[in-house]
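Trainee: Starting off with a structure, shown below.
The values are calculated or read from the model by the stated rules, or taken from the named source; none is laboratory data. The shown structure was predicted, so the numbers you read here are calculated from the model rather than taken from an experiment. Using ideal geometry, Cβ is built from the backbone for each residue, glycine included, and neighbour counts are taken over all protein chains shown. These area figures cover heavy atoms from the full protein model, side chains too; ligands, DNA and RNA do not enter into them. Shrake-Rupley method; radii C 1.70, N 1.55, O 1.52, S 1.80 Å.
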Amino acid sequence: MKKKLIAGNWKMNGSLAANDALLAALRAGLAAQAPGCDVAVAVPAPYLAQVQALVADTAIALAAQDVSQHEAGAYTGEASAAMLRDFGVRYTLVGHSERRQYHGESDAAVAAKAQRALAAGITPIVCVGETLAEREAGQTEAVVKRQLAAVIAQVGHCVSEIVVAYEPVWAIGTGKTATPAQAQAVHAVLRAQLAAASAQAANMRLLYGGSMNAANAAELLAQPDIDGGLIGGAALKAPDFLTIIAAAA
Ligand code: PEP
């Protein structure tokens with residue numbers, strides 16, 4: 001049976017001291033009770049080396065928050081998939097709504113990033129999701145399908161190796177969570193889209209993200225097509241993140 005995946009997205013938070021304290025608490029919590037799911041933390045790029053050392057020999061996998069769509073060269077400020085690999089990165093987010101919104105990332109750019117990650121042996125966590133205006137206009141399904149279709153077209157038969165995260169933009173960092181039924185409905189749409197592209201769709205992991213927390217995780221994770229969570233704010237508090245991990249076991 002596929003294991004659920006709980007991935008924390010630290011966003012642009014942390015410091016050497018804060019990361020040390022957070023990971024010490026997570027390591028202690030996970031040593032007391034081995035997780036029944038896969039766990040990852042997506043950390044800011046400057047801390048990859050620090051966190052690589054701190055999660056070595058633990059059940060916590062290292063993730064990046066973004067990857068360049070280019071292989072190498074004159075792309076100031078970017079980090080390539082090969083560079084991430086050098087630091088033991090197992091997963092990278094691609095197409096997080098904050099990247100799409102503040103950095104103008106197009107569906108094509110997100111697809112290229114997913115391809116670069118796969119080529120380097122890194123699992124891309126492909127984020128899709130609609131804005132509130134799009135939901136209210138009845139466009140949720142069309143938007144997430146368009147975003148995912150770009151990635152499917154780019155990666156071809158490797159699609160079964162990606163993770164998809166449904167993150168309604170209106171639920172990210174707002175405290176507003178999609179209801180379990182709302183989230184499940186979109187996950188079912190995405191699963192069907194993946195099934196049309198891959199015989200492995202049933203084994204692929206579809207995460208929900210958007211104000212998932214210690215109180216609502218169990219109900220969301222109980223939905224048939226929700227195979228884990230992408231957690232922002234609650235991933236910065238060790239007790240909350242550990243509670244979510246326990247709920248996914
Ligand atoms: C995210 O950053 O992907 C996210 C889901 O954030 P939050 O949990 O804070 O809504």
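Trainee: With charges set only on the Cβ (+1 for Lys and Arg, -1 for Asp and Glu), what does the dipole of the range 5-248 come to about its Cα centre, in debye to the nearest 20?
Mentor: My answer is approximately 40 debye.
Trainee: Now for a different question. Counting only protein chains, not ligands or nucleic acids, how are S106, S211 ordered by accessible area (probe 1.4 Å), most first?
Mentor: So the residues, ranked largest to smallest area, are S106, S211.
Trainee: Could you report the chain's accessible area per residue, 1.4 Å probe, as an integer in Å²?
Mentor: Numbers: 10740 Å² over 249 residues.
That works out to 43 Å² per residue.
Trainee: Given R₀ = 35 Å, FRET efficiency for K3-E78 by Cβ-Cβ distance, to 0.05?
Mentor: The formula returns an efficiency of 0.65 here.
Trainee: Now, a different point. Using every alpha carbon pair in the chain, what percent of pairs falls into each 5 Å bin from 0 up to the bin containing the largest distance?
Mentor: 1, 7, 15, 20, 21, 18, 12, 6, 1, 0
Trainee: Here's another thing I want to ask about it. For the range 1-136, how big is Rg over Rh, using alpha carbon atoms and the Kirkwood form of Rh?
Mentor: 0.99
Trainee: Given a 1.4 Å probe and the protein chains all in place, what does the accessible area of R116 round to, in Å² to the nearest 10?
Mentor: Rounded to the nearest 10, that gives 90 Å².
Trainee: Keeping the other protein chains in place, figure out the carbon and sulfur percent of the accessible area of the chain, with a 1.4 Å probe.
Mentor: 54
Trainee: Let me ask another. Pairs of lysines 8 or more apart, or on different chains, with alpha carbons under 28 Å: count those in the chain, would you?
Mentor: Summing the qualifying lysine pairs gives 20.
Trainee: Same structure again: Between the DSSP loop rule and a limit of at most 15 other Cβ atoms within 10 Å, which GluC sites (Glu not before Pro) in the range 75-140 are left?
Mentor: Here the GluC sites (Glu not before Pro) that fit, given the DSSP loop and packing criteria, are E78.
Trainee: If you plug each phi of the range 219-234 into the Karplus form 6.51 cos²θ - 1.76 cosθ + 1.60 with θ = phi - 60°, what whole-Hz ³J(HN,Hα) values come out, in order, with x for Gly and Pro?
Mentor: Each residue of the range 219-234 in turn: 5, 5, 6, 7, 6, x, 9, 9, 10, x, x, 10, 10, x, x, 6 Hz.
Trainee: Mind listing the phi-derived Karplus ³J(HN,Hα) values for the range 73-84, rounded to whole Hz, using 6.51, -1.76 and 1.60 with θ = phi - 60°, and x for any glycine or proline?
Mentor: x, 7, 9, 3, x, 9, 10, 7, 4, 5, 5, 4
Trainee: Moving to a separate point now. Tell me the chymotrypsin sites (Phe, Trp or Tyr not before Pro) within the range 1-91 that lie in a loop according to DSSP and have at most 13 other beta-carbon atoms within 10 Å.
Mentor: Within the range 1-91, the qualifying chymotrypsin sites (Phe, Trp or Tyr not before Pro) (loop, at most 13 other Cβ atoms within 10 Å) are Y75.
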